[in-house]
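To keep things clear, I will list the structure first and then write my remarks on it.
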Amino acid sequence: MEIRKVGVVGCGLMGGGIAQVAAQSGYDVVVREINEQLLNAGLDRIKGNLRRNVQKGQMSESEMEQVLGRLHGTVSLESFADRDIVLEAVIENMPEKRQLYGELDKICPPHTIFASNTSSLTIIEMAAATKRQDRFVGLHFFNPVPTMQLAEVVKTISSSESTVETVKRFAESLNKTAIVAKDTPGFIVNRLLVPYLLDAIRVYEEGLATREDIDDGMRLGCNHPMGPLTLADFVGLDTLYFIGNIMFDEFKEPRFAPPTLLKRLVLAGQYGRKTGKGFYEYSSK
């Protein structure tokens, strides 16, 4: 199967990023939000990203206009009736995702592939809300989508080999390296990353080292681009807490249980960079 027409549900940071890279890669893209205000905000963010690429000399003005010409916004799911693949990047809430896919299943033609960008939820549970479990996979991108080079293709017990290969080729056409994972919470990257971040928080919580020394230790001692507490702030402490709880519920292993300090920061609304305060404080700039 050849993918030509792409649909993206959600035009936030992740959905907008996916829509942008798909349009930049030559695909006809329809991106949907629940209302005009959110849609316009998302499209403006994409235009701003492209404008910065022009200013940096990474693309010409005419190339930017061509990309925008391939990108179409909508607030209606009916706009996905002719799509070859629909990628979902909405809130990490299983009932909402299942309802969405149930509606899309009625709208999209039989050949359409569904792909969820979830970072932790079980893919087969979403697929079970449709009549196309064989054409349903996870396709997990990383933030920021335009610059991060990886995409995880998540295969369920019902995904067909042809679907997995088609989605893998699609991800590679977006200039991503595609890796294939089984449908277990955390997939590959978060299965390894989340316990590492949670352990760093425990080290800080137990007073074994300062936050700066923990970050410098991993950054300089292991050649990581940033320390674990800085990375946790970047990912979002609320997101880390959410994923940790899902993985602990699945595996019942202490290493996946969010530390008390993380819970307290999340309850206080201190999510990291996006709120201006987490393990570190960030200026408005």
| Roughly speaking, what is the stretch gain from I188 to S162, that is 0.36 nm per residue apart minus the C-alpha to C-alpha distance, in nm to one decimal? | 7.2 nm
| query | Tell me which lysines have Cα within less than 23 Å of K263's Cα, excluding those fewer than 8 residues away on the same chain? | reply | K252, K274, K277
| message | Please report, in whole Å³, the volume per residue of the convex hull around the C-alpha atoms of the range 5-182. | response | 97 Å³
| query | Want the number for E92 to R169: 0.36 nm per residue separation, take away the alpha-carbon distance, what's left? | reply | 25.1 nm
| Could you give the nm distance between label points at K5 and I124, where each point is 7 Å from its Cα heading toward the beta carbon? | 3.2 nm
| Given the rule -39500 (n - 2.57) for each run of at least 4 DSSP H residues, summed and divided by the residues of the chain, what is its mean residue ellipticity at 222 nm, to the nearest 500 deg cm²/dmol? | -14500 deg cm²/dmol
| message | Please list, by residue number, every one of the GluC sites (Glu not before Pro) in the range 149-249 that is coil in DSSP and has at most 13 other beta-carbon atoms within 10 Å. | response | E206
| said: Over the chain, what is the relative contact order in percent, taking alpha-carbon pairs closer than 8 angstrom and at least six residues apart? | reply: 13 percent
| Size of the range 189-267 as Cα extents on the principal axes (Å, biggest first) | 34, 25, 20
| Rg and Dmax of the range 120-171, Cα atoms only, in Å | 11.6, 34
| remark: trypsin sites (Lys or Arg not before Pro) in the range 131-221 lying in a DSSP loop, each with at most 15 other Cβ atoms within 10 Å of its Cβ, come to K131
| remark: To the nearest 10 degrees, the tilt of helix 36-55 (Cα long axis) against the first principal axis of the alpha carbons of the chain is 80 degrees
| For labels at S25 and T177 in the simple 7 Å Cα→Cβ model, what's the distance in nm? | 1.6 nm
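Laboratory data are not the source of any read-out in this text; all were calculated from the coordinates shown. On a predicted model such as this, the values are computed, not experimentally measured, just so you know. Don't worry about glycine lacking a Cβ; one is built from the backbone with ideal geometry, like all the others, and counts go over all protein chains shown.
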